[in-house]
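One structure below.
The values are calculated or read from the model by the stated rules, or taken from the named source; none is laboratory data. Predicted model, so just to flag it, every value in this text is computed and none were measured. In this analysis, Cβ positions are derived from the backbone assuming ideal geometry, glycine residues included, and neighbour counts consider all displayed protein chains. Only protein heavy atoms, including side chains, enter the accessible area calculation; ligands, DNA and RNA are left aside. Shrake-Rupley method; radii C 1.70, N 1.55, O 1.52, S 1.80 Å.
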Amino acid sequence: MSATELPAVAATVLPPRPAPAIAPPPSWRAWSRRLAYGALGLPLAMAALPIYVHAPRLWAEATGLSLAVLGVVLLAARLCDAVIDPLLGAWSDRAGRRQGLILLALPFLAAGFFALLHPPPQFALLWLLLSLLTTYFGFSLASIAYQAWGAEIGRDASERTRLVACREGFGLVGVVLAAVLPTLLGTSPANGNPLADGAPTGLAAGLATLAWIYPPLLAALGAVTLLASPTRVAHTNHALHSLPRRPPFWQGLRQPLADARFRRLLGVFVVNGVAAALPATLVLFFVADVLQAARWSGAFLALYFIAGVVFLPLWVALSRRIGRVAAWVSAMLLACLSFVWASLLGPGDVLSFGVICLLSGAALGADLTLPAALLADISAGRVPVAGYADDTANADDGDNAAQRCASESSAGGYFGWWNLVSKLNLALAAGLSLPLLDVVGYRPEVNEAGAVAALVAVYCGLPIVFKTVAAALAWRWRRQLEGFS
């Protein structure tokens with residue numbers, strides 16, 4: 001045997017040398033990538049508050065449009081926004097790369113937001129409608145593609161929970177900034193210092209300044225997310241490549257609703273979402289007429305959202321120990337206890353209500369993170385096998401791999417339906433609570449004992465009922481929601 005034949009013979013006899021293991025990235029590097037993914041959540045959440053809260057008053061004062069006309073236009077635009085979410089989700093599945101859709105959506109969001117906060121002296125109605133539709137299109141497309149992308153780049157259930165927590169944490173910071181900046185920016189400049197003397201020039205001035213700040217902020221944080229987020233997990237199984245990665249449009253639209261796990265999660269989300277939206281609709285009335293402390297409203301709201309940010313890591317850690325559904329149910333029960341305490345308060349109980357805002361804000365962190373993390377698992381088609389920590393063990397094997405591939409390609413469809421329900425929850429809460437208060441005789445700033453008691457019953461009682469039902473359903477379906485059966 002010649003020397004040249006020895007390597008070939010050795011290769012057939014000796015096992016191949018294993019490839020050197022690739023060390024995982026350092027923890028700080030992994031977290032920097034997760035935080036980069038979450039960065040876009042800040043400007044997306046920051047846009048929502050001016051659109052939904054400040055725009056009606058701004059346009060009424062700046063243009064003189066009647067409240068009836070404004071109400072019709074805002075309602076029509078919001079209904080269109082909600083209805084197109086599933087369509088945008090199915091389209092994002094067909095389009096392919098989520099990053100490209102985010103890049104397409106952000107200029108629409110920036111331009112629409114800027115136009116919405118600068119009402120013109122002429123053609124106000126047309127300007128309002130076009131700016132709303134432009135803003136909603138950019139916001140919805142960016143949000144759906146962003147959420148679906150997060151589900152796809154998570155390597156396992158634990159990683160997807162961390163990514164969602166980063167996204168929602170940045171989102172809560174964005175909400176706090178949106179609540180504070182219009183007032184802070186709406187001060188009169190003196191000697192070049194916009195904060196000097198604190199002389200107010202009105203909310204309109206603050207919103208106009210915010211409109212100039214928002215586009216570069218959106219561009220900067222969008223670039224961080226698009227350029228520095230974790231990379232998507234590569235699948236190597238041939239079964240995955242043999243299936244179409246992009247389902248037909250209508251199939252992508254219908255597929256989420258055919259998923260039993262998704263329907264159950266959506267059911268819990270609807271009931272719990274109404275419970276969360278009810279106090280959000282009524283909190284200013286409660287603070288003004290029950291506590292008689294309207295001047296503390298801003299501080300209470302800030303404390304509520306800041307608590308949501310601070311307690312996010314606690315819920316993530318707890319979910320790793322007891323499971324996400326169990327942690328979510330614990331947060332629901334904490335919120336119920338908070339509302340029971342709130343029902344006992346009266347005029348001047350500012351400190352007690354501050355503690356209640358802290359506790360209910362802590363529960364908010366779980367509401368924002370844990371159901372979205374469960375949805376990320378469902379939409380990605382990957383479920384834990386032996387436990388929560390890692391689902392890579394059931395990675396790509398035969399029929400299960402094929403099912404995961406088909407589900408993953410419809411992640412946008414899942415988040416489209418999810419966002420539709422999120423927006424309808426707000427409308428349902430207002431449509432339920434405000435007429436009910438009117439029926440029982442409540443009127444703002446009328447401190448009659450019966451009317452105040454009715455407000456307490458609706459503000460505290462209805463969320464307890466809805467939260468209890470949601471917790472019972474989540475606990476009943478906990479194994480299916482976690483993916484263990």
Open item on the list: Cut-off 17 Å, label point 7 angstrom out along Cα-to-Cβ of residue 440: give me the residues of the range 343-370 whose amide nitrogen falls inside.
Closed with: 343-347
Open item on the list: Between residue 30 and residue 99, what's the calculated FRET efficiency when r is the beta-carbon distance and R0 is 22 Å? Round to 0.05.
Closed with: 0.65
Open item on the list: How large a share of the accessible area of the range 273-380, in percent, is made up of carbon and sulfur atoms when the probe is 1.4 Å and the other protein chains stay in place?
Closed with: 74
Open item on the list: Using a 1.4 Å probe on the protein heavy atoms, what percent of the accessible area of the range 62-117 belongs to carbon and sulfur?
Closed with: 77
